[in-house]
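Please read the structure below before turning to the comments.
None of the figures in this text is laboratory data; all of them are computed from the coordinates on show. From a predicted model like this one, the values you see are computed outputs, not experimental measurements. Here the Cβ is made from the backbone with ideal geometry for all residues, glycine too, and neighbour counts use every protein chain on show.
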Amino acid sequence: MNERVQMSSDVKGEMMQPRKQPVYYVVFAVLKYRNFEEAKAKASGEIAAHISRSKELHRNGTLLMSGAFLNNPDEPLSTMAVLSSREAAGEYIKGDPFFLKGMISKWYIREWANMFA
């Protein structure tokens, strides 16, 4: 089941806010790059494809938020994404350009409890 997050707009219809659900699924990924600068230099095409795909998934409501952790010189480049269902999380990582190119050294999915739901 590829679950989408229901979106609701404010009174003016200008801002979209996700409907609160009690559990989301977070994908953590560790890439084979020392930092974001190295990734930009060596994989600019994959970054562009990753961003384009992520924006599409965000528009359709399955990807709530995503991004890279700020550089830590003691750790490789790492990212996370919050998705609406376990299925969406699995599809997100397995369809990611970095995953498809073998540039992710470690990844996992965790359930995340939304304390504001």
- With a 10 Å radius around each residue's Cβ, average the other Cβ atoms per peptide and rank 40-51, 79-90, highest first. 79-90, 40-51
- For Phe99, Phe116, order by how many other beta-carbon atoms lie within 10 Å, fewest first: Phe116, Phe99
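R0 = 22 Å: FRET efficiency of Asn114 with Leu70, Cβ-based, nearest 0.05?
Values: r = 24 Å, r/R0 = 1.08.
E(calc), rounded to 0.05, equals 0.40.
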- Under a point spin-label approximation (7 Å from Cα along Cα-to-Cβ), what is the Lys20-Lys94 distance to one decimal in nm? 3.3
- Task: Tell me the label-point distance for the pair Ala41, Asn60, using the 7 Å Cα-to-Cβ offset, in nm and rounded to one decimal.
- Result: 3.6
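What net charge do the residues around Tyr33 carry, taking every other residue with its C-beta under 15 Å from that of Tyr33, with Lys and Arg at +1 and Asp and Glu at -1? Before the final figure, lay out each step's value.
Working: positive: Lys32, Arg34, Lys40, Lys42, Lys101, Lys106; negative: Glu37, Glu38, Glu46, Asp74, Glu75, Asp96.
Combined, the nearby Lys, Arg, Asp and Glu give 0.
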